Amino acid sequence: MIAENLKEISTDLPEHVKLIAVSKTKPEEDIMEAYKAGHRDFGENKVQEMTAKYDELPKDIRWHMIGHVQRNKVKYMAPFVHLIHGVDSLKLLKEIEKQGKKHDRTIDCLLQMHIAKEETKFGLDEQELEELLASESFRNMKHVRIKGLMGMATFTDNTDRVKEEFTFLKELFEALKERQDQWPHLEMEILSMGMSGDYKTAISCGSTMVRIGSSIFGERNYN
């Protein structure tokens, strides 16, 4: 079923939208089924789980860290992570820079914006974003590359609200894209928004990357 689900969703996506198959809590055999169907981009929300899977699975898999990241865990994924979606503070970015330097690689990141009408979601607000960009430490970074923005909409059946939040993030993305020449390590290419329940709305609002899990792998077992 996984390969069929993947094919159905992939066929449905516009060409410019990249699909991240969210494999958190799923066993390696499920990931391998998706891998054998040709998929290479997988998303995890716990560094320890992602690192364990990285050790066991094919090395051409591109691992995406989509969850909230604790600074003390960055060192474990720094050698291999493809993209860190949830950078929500300058402190975290400084740690990623430090670990990137240590491993002599540039680590691609997205800045996570708080767009939802929920306190439980992480992310920067507009003022925090501007402060981060204006800081000397950000300007001097050599081992991180900001590839775009990520945001999660409010978990609600109110499509208008979701659309409003995604549209806000799209406008922020475009405004930042116009200014990206000010920073050599800012390459605004990715707008990551949309999950299993709202990815079609996200795409209609300009998303270029969607994170889909249960629609591919089935419901999660958190036990």
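Annotations
- Matching residues in segment 41-79 - criterion: being under 16 Å from Ala21 (Cα atoms), without any contact (Cβ under 8 Å) to a residue 40 or more places away in the chain and in a loop (DSSP other than H, G, I, E, B): Asn45, Lys46, Leu57, Pro58, Asp60, Ile61
- Residue under evaluation Phe122, criteria (1) of a type in the set (Phe, Trp, Tyr); (2) crowded, with 21+ Cβ neighbours inside 10 Å; (3) part of a loop (DSSP other than H, G, I, E, B), criterion not met: (2)
- Of the criteria (1) touching a Gly at 6+ places or on another chain (Cβ under 7 Å); (2) in contact (Cβ under 8 Å) with a residue 40 or more places away in the chain; (3) not acidic (Asp, Glu), which one Phe173 fails: (2)
Each row is one residue, and each column tells you yes or no for (1) in contact with a helix residue (DSSP H, G or I) (Cβ under 8 Å, 6 or more places away or on another chain); (2) surrounded by 15 or more Cβ atoms within 10 Å (Cβ to Cβ); (3) not in a loop (DSSP other than H, G, I, E, B).
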site: Ser137; (1), (2), (3): yes, no, yes
site: Lys142; (1), (2), (3): yes, no, no
site: Phe168; (1), (2), (3): no, yes, yes
site: Ile190; (1), (2), (3): no, yes, yes
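- For segment 192-223, the candidate set comprises residues that are surrounded by 19 or more Cβ atoms within 10 Å (Cβ to Cβ) and of a type in the set (D, E, K, R); within that set, the residue that is modelled with the highest pLDDT is Arg211.
- Among the candidates Asp88, Asp104, the residue that is on the phi > 0 side of the Ramachandran plot and not hydrophobic (A, V, I, L, M, F, W, C) is uniquely Asp104.
- Every pair of residues 6+ apart whose Cβ atoms lie under 8 Å, when the first sits in segment 1-21 and is touching a residue at least 40 places away in the same chain (Cβ under 8 Å) while the second is hydroxyl-bearing (Ser, Thr, Tyr) and outside any loop (DSSP other than H, G, I, E, B): Asn5/Ser215; Ile9/Ser215; Leu19/Ser10; Ile20/Ser192
- Failed item in (1) part of a loop (DSSP other than H, G, I, E, B); (2) closer than 26 Å to Ile31 by Cβ; (3) of a type outside the set (A, V, I, L, M), with Gly206 passing the rest: (2)
- For segment 35-47, the criterion of a residue being under 15 Å from the mean Cα position of the chain (by Cα), at pLDDT 95 or above, surrounded by 17 or more Cβ atoms within 10 Å (Cβ to Cβ) and among the acidic types (Asp, Glu) is satisfied by at least one position.
- Subset of segment 80-95 that is part of a loop (DSSP other than H, G, I, E, B) and under 14 Å from Leu129 (Cβ atoms) - its residue that is nearest to the chain's Cα centre (by Cα): Asp88
The values are calculated or read from the model by the stated rules, or taken from the named source; none is laboratory data. Nothing here was measured: the structure is a model prediction, and the numbers come from that model. Virtual Cβ from ideal backbone geometry, glycine too; neighbours counted across all protein chains shown.
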